[in-house]
Amino acid sequence: MTGANGAGPHTPLLDRVDSPADLRALPDALLPDLAGQIRSFLIDRVCRTGGHLGPNLGVVELTLALHRVFDVREGGDVLLFDTGHQSYVHKLLTGRREGFDGLRAEGGMSGYPSRAESGTDVIENSHASTALSYADGLAKALALRGERRRRVVALVGDGALTGGMSLEALNNLGAAPDRPVVVVLNDNGRSYSPTSGGLAAHLARLRGSDGREAAGEDGGGVFTALGLAYLGPVDGHDTRAVEDALREAAALGRPTVVHCVTGKGHGYPPAERDRADHLHTVGVVDPRTGRARSPSGPSWTSVFGEEIAAIGAERPDVVCVTAAMPGPTGLEAFARRFPGRVFDVGIAEQHAVTSAAGLALGGARPVVAVYSTFLGRAFDQVLLDAALHRLPVVLVLDRAGVTGPDGPSHHGMWDAALLPVVPGLRLAAPRDCAALRELLREAVDEDGGPTALRYPKASAGPDVPAQARIGHCDLLREDPAADVLLLGVGPMAGACLEASRMLAARGVRTSAADPRWIAPLDNALVELAAAHPLVLTAEDATAANSLGARLGQELARRGSATRTVTLALPPRFLPHGPRAGILDEHGLDPAGIAAAVLDHLPHGGSRPGASGHSGVRRERSTP
Ligand SMILES: Cc1ncc(C[n+]2csc(CCOP(=O)(O)OP(=O)(O)O)c2C)c(N)n1
Ligand SMILES: CC(=O)[C@@H](O)[C@H](O)COP(=O)(O)O
Ligand SMILES: [Mg+2]
């Protein structure tokens, strides 16, 4: 059905709902139609913009019930979304229908809760397993303020429950029977792939889906064992049934788990049929099939996946660890070939790292594949469980640098600042896929301690050949009379090489090099830098503790007169938007790099014989 104006589906009921009050005014009999119209709307819009389609199709009735039972508003009940990728229906019900045309686009609506968008939104962090800790703290604060009538409700996925913080929070919630906290467990049996571990099996028993009696009144398993009340299992696609359970939970006035059973992608056959992850995240796809209109080329992830599988065939000691993301991190080929050598630990990055340290202690060579942003919560484990013991754990950090549509809590911009402080850890940044293959092998072969590789969420560009190797770094373009050395970290090396060519057209002589291993500093790199009056580094990472900052410190320590300039990301949270646009905004593109060189050269770099427009862009944003 298309809408009256021909753009999108016909959603007359949804068009009448601009607030939870409008929803509560609707007669029960209209709820199934409303749910259907919400699904049609989400399929139409998210297939155009990209986003989390499967998770949101799975929580339509749940979210309707939540807003019909609880008075979610500033000063009212508090609704928390764990991870937040499943908050689209909530956004629809709180007056943001129009925002979906610009979902996750620059300046458009966030794909996660956003306090700037609505007073009903709370958690902006898209990292899983935080909601119950927020709920615990909020409930304590409201109790201290005597506001016991305000309920705290947390919607948590079964995957998010496998994160350690969830258990830490349950341990606290269960100890305070007088706090009105409702934990809505959205159990669809999956993170991306089927949720792993003993908890998943336990939930299956509670669901009664393993053939035994469902938990029923006396059951509740781990939840009642920890002191919470348990209601369920409830059909999460039956709005009335969920409403009844939520009202019962609210009436108990104590921490209560309402165990809802749903299906990721429910009501949309392409998602229901999708065996990979029920269309967990889609790009721009054909709504009839849920598939991309044009296949994407090789990615950094796919190249990693090929190479680690090849290494796995050569080295039986190599094993892989994933935190519930075997597909997104490229481990599927390895898993197919070596099923007993891939460990999905759940959404548990801290455990992933220390379990990998245990694997290394036991003689295996563990490769932990995670997104850069998620490694942040496992810093202590990297520092003291792996590096202190000088264990050869290999960390492969996908989505390093600006990621784009997932916004500030997904940009992988802090790993390159955190990891160089870890004694004995070596950090590499491949400039292209050939370098990824080479550096991955160097990392796997490193016996003296942990290593890490970082690469971006981007399609794999062409390989960038080197003229020579000096120490660990590659010389990409050498000019013996160069005034400036351009050092590009990772794919920024290619951008620096392009900038070098643009500057040559203006008579500015530069050399360009790729450091490859960016921490600790390679002596040959420091000496190469010291041979130039000016060194400019370009880094898709925060400026704090950057290669440029560390190089500058070392050059100063050595008494060198070389000046260093660091082009990197500013020390603030960056919004969602296209990766290329954000990089350009911060001068991390060839024209921006060239402009930065001209800004820092005496006389702006203009020299006799400089000719033509080199494409160098002079205006640049301030960091
Ligand atoms: C700490 C952390 N690790 C990994 C992710 C990536 N991630 C996003 S959603 C998701 C699966 C969440 O599963 P679940 O909580 O069951 O929610 P569902 O998608 O099933 O609704 C994962 C692993 C994340 N957001 N946070
Ligand atoms: C919500 C979440 O953490 C992931 O689903 C995130 O959206 C990763 O997206 P990509 O895999 O597309 O980078
Ligand atoms: Mg799930």
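The values are calculated or read from the model by the stated rules, or taken from the named source; none is laboratory data. Bear in mind the structure is a predicted one, so any value in this text is a computation, not a measurement. No Cβ is skipped: glycine too gets one built from the backbone with ideal geometry, and neighbour counts run over all protein chains shown. Accessible surface is based on the protein model in full, side chains and every heavy atom, while ligands, DNA and RNA are left aside. Shrake-Rupley method; radii C 1.70, N 1.55, O 1.52, S 1.80 Å.
Give segment 543-559 a look and list any residue that's open to solvent by less than 10 Å² (accessible area, probe 1.4 Å) and within 30 Å of residue 458 (Cβ to Cβ), or say none. Steps first, answer last, please.
As a first pass, look at segment 543-559 and keep what is open to solvent by less than 10 Å² (accessible area, probe 1.4 Å): 546-548, 551, 555.
Passing the criteria: 546, 547, 548, 551.
Can you find a residue that is open to solvent by 10 Å² or more (accessible area, probe 1.4 Å) and touching a Lys or Arg at 6+ places or on another chain (Cβ under 9 Å) anywhere in segment 79-92?
No, the conditions are met nowhere in segment 79-92.
Which one of the conditions (1) part of a loop (DSSP other than H, G, I, E, B); (2) within 16 Å of ligand 2 (Cβ to nearest atom); (3) open to solvent by 20 Å² or more (accessible area, probe 1.4 Å); (4) out of contact with any His (no Cβ under 6 Å at 6 or more places or on another chain) does residue 95 fail to meet, given that it meets all the rest?
Checking residue 95 against (1) part of a loop (DSSP other than H, G, I, E, B); (2) within 16 Å of ligand 2 (Cβ to nearest atom); (3) open to solvent by 20 Å² or more (accessible area, probe 1.4 Å); (4) out of contact with any His (no Cβ under 6 Å at 6 or more places or on another chain), the one that fails is (2).
For residue 17, state whether it is buried (at least 24 other Cβ atoms within 10 Å of the Cβ) and over 23 Å from residue 274 (Cβ atoms).
It is true that residue 17 is buried (at least 24 other Cβ atoms within 10 Å of the Cβ) and over 23 Å from residue 274 (Cβ atoms).
Counting only residues that are without any contact (Cβ under 8 Å) to a residue 40 or more places away in the chain and either buried (at least 16 other Cβ atoms within 10 Å of the Cβ) or under 19 Å from residue 223 (Cα atoms) (or both), how many does segment 268-290 have?
Initially, segment 268-290 is screened for residues without any contact (Cβ under 8 Å) to a residue 40 or more places away in the chain, giving 269-270, 272-273, 275, 288-289.
Now drop any that are not either buried (at least 16 other Cβ atoms within 10 Å of the Cβ) or under 19 Å from residue 223 (Cα atoms) (or both), which leaves 270, 272.
Of the residues in segment 268-290, 2 are without any contact (Cβ under 8 Å) to a residue 40 or more places away in the chain and either buried (at least 16 other Cβ atoms within 10 Å of the Cβ) or under 19 Å from residue 223 (Cα atoms) (or both).
Can you name the number of the only condition in (1) at positive phi; (2) loosely packed, with under 15 Cβ neighbours inside 10 Å; (3) not hydrophobic (A, V, I, L, M, F, W, C) that residue 265 fails?
(2)
Applying the selection to segment 42-73, what residues are assigned to a strand (DSSP E or B) and over 25 Å from the mean Cα position of the chain (by Cα)?
Correct list: 72 only.
Examine segment 522-541 for a residue that is among the hydrophobic types (A, V, I, L, M, F, W, C), open to solvent by 10 Å² or more (accessible area, probe 1.4 Å) and within 23 Å of residue 569 (Cα to Cα), and state whether such a residue exists.
no
Let's see how each residue does on (1) surrounded by 18 or more Cβ atoms within 10 Å (Cβ to Cβ); (2) in contact with a helix residue (DSSP H, G or I) (Cβ under 9 Å, 6 or more places away or on another chain); (3) outside the structural domain of residue 256 (by TED's automatic domain parsing):
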{"site": "119", "(1), (2), (3)": "no, no, no"}
{"site": "128", "(1), (2), (3)": "yes, yes, no"}
{"site": "142", "(1), (2), (3)": "yes, no, no"}
{"site": "146", "(1), (2), (3)": "no, no, no"}
{"site": "153", "(1), (2), (3)": "yes, yes, no"}
{"site": "165", "(1), (2), (3)": "yes, yes, no"}
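All but one of (1) open to solvent by 50 Å² or more (accessible area, probe 1.4 Å); (2) touching a Pro at 6+ places or on another chain (Cβ under 6 Å); (3) not assigned by TED's automatic domain parsing to the domain that holds residue 80 hold for residue 207, so report the exception by its number.
The one condition residue 207 does not meet is (3).
So how many residues does segment 171-203 have that are under 27 Å from residue 266 (Cβ atoms) and either within 15 Å of ligand 3 (Cβ to nearest atom) or open to solvent by 10 Å² or more (accessible area, probe 1.4 Å) (or both)? Working first, answer last.
Restricting attention to segment 171-203, the residues satisfying the condition of being under 27 Å from residue 266 (Cβ atoms) are 181-203.
Pick out the ones that are also either within 15 Å of ligand 3 (Cβ to nearest atom) or open to solvent by 10 Å² or more (accessible area, probe 1.4 Å) (or both) and you get 183-203.
Adding up the residues that qualify gives 21.
Among the listed residues 309, 276, which satisfies the condition of being out of contact with any helix residue (DSSP H, G or I) (no Cβ under 8 Å at 6 or more places or on another chain) and small (Gly, Ala, Ser)?
Exactly one of 309, 276 is out of contact with any helix residue (DSSP H, G or I) (no Cβ under 8 Å at 6 or more places or on another chain) and small (Gly, Ala, Ser), namely 276.
Hey, can you tell me all the residues within segment 31-62 that are within 16 Å of ligand 2 (Cβ to nearest atom) and surrounded by fewer than 22 Cβ atoms within 10 Å (Cβ to Cβ)?
49, 50, listed by residue number.
How about segment 340-402: which strands (runs of 3 or more DSSP E) wholly inside it have at least 1 residues that are of a type outside the set (D, E, K, R) and open to solvent by less than 20 Å² (accessible area, probe 1.4 Å)?
Those strands (runs of 3 or more DSSP E) span 365-371, 394-398.
Scan 396, 345, 368, 353 and give me the residue that is β-branched (Val, Ile, Thr), in contact (Cβ under 8 Å) with a residue 40 or more places away in the chain and farther than 22 Å from residue 200 by Cβ.
On the way: 345 fails: farther than 22 Å from residue 200 by Cβ; 368 fails: farther than 22 Å from residue 200 by Cβ; 353 fails: farther than 22 Å from residue 200 by Cβ.
The conditions single out 396.
It is to be established whether one or more residues within segment 532-540 are more than 30 Å from residue 584 (Cβ to Cβ) and in contact with a Gly (Cβ under 9 Å, 6 or more places away or on another chain).
No, every residue in segment 532-540 fails to be more than 30 Å from residue 584 (Cβ to Cβ) and in contact with a Gly (Cβ under 9 Å, 6 or more places away or on another chain).
So for segment 232-245 (the condition being of a type in the set (Val, Ile, Thr), modelled with pLDDT of 95 or more and more than 22 Å from residue 155 (Cα to Cα)), does at least one residue qualify?
No - not one qualifying residue is present in segment 232-245.
Tell me whether segment 230-247 contains one or more residues that are within 16 Å of ligand 2 (Cβ to nearest atom) and surrounded by 18 or more Cβ atoms within 10 Å (Cβ to Cβ). Outline the logic, then answer.
Let us first name the residues in segment 230-247 that are within 16 Å of ligand 2 (Cβ to nearest atom), namely none.
No, there is no match, as no residue in segment 230-247 is within 16 Å of ligand 2 (Cβ to nearest atom) and surrounded by 18 or more Cβ atoms within 10 Å (Cβ to Cβ).
Which is more than 12 Å from ligand 3 (Cβ to nearest atom), within 20 Å of residue 225 (Cα to Cα) and of a type in the set (S, T, N, Q), of 118, 133, 114, 126?
Result of the check over 118, 133, 114, 126: 133.
Scanning for something touching a Phe, Trp or Tyr at 6+ places or on another chain (Cβ under 8 Å) and more than 8 Å from ligand 1 (Cβ to nearest atom), does segment 126-144 turn up at least one residue?
Yes; the residues of segment 126-144 include at least one that is touching a Phe, Trp or Tyr at 6+ places or on another chain (Cβ under 8 Å) and more than 8 Å from ligand 1 (Cβ to nearest atom).
Would a scan of segment 404-417 turn up a residue that is of a type in the set (A, V, I, L, M) and either without any contact (Cβ under 8 Å) to a residue 60 or more places away in the chain or part of a helix (DSSP H, G or I) (or both)?
yes
Conditions (1) within 22 Å of residue 110 (Cα to Cα); (2) assigned by TED's automatic domain parsing to the domain that holds residue 122; (3) in contact with a Gly (Cβ under 6 Å, 6 or more places away or on another chain); (4) part of a loop (DSSP other than H, G, I, E, B), marked per residue:
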{"residue": "17", "(1), (2), (3), (4)": "yes, no, no, yes"}
{"residue": "31", "(1), (2), (3), (4)": "no, no, no, no"}
{"residue": "40", "(1), (2), (3), (4)": "yes, no, no, no"}
{"residue": "75", "(1), (2), (3), (4)": "no, yes, no, yes"}
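Condition check: assigned to a helix (DSSP H, G or I) and modelled with pLDDT of 95 or more. Does residue 101 satisfy that?
yes
For segment 257-302, what are the residues that are part of a helix (DSSP H, G or I) and within 16 Å of ligand 2 (Cβ to nearest atom)?
Within segment 257-302, 271, 300, 301, 302 meet the criteria.
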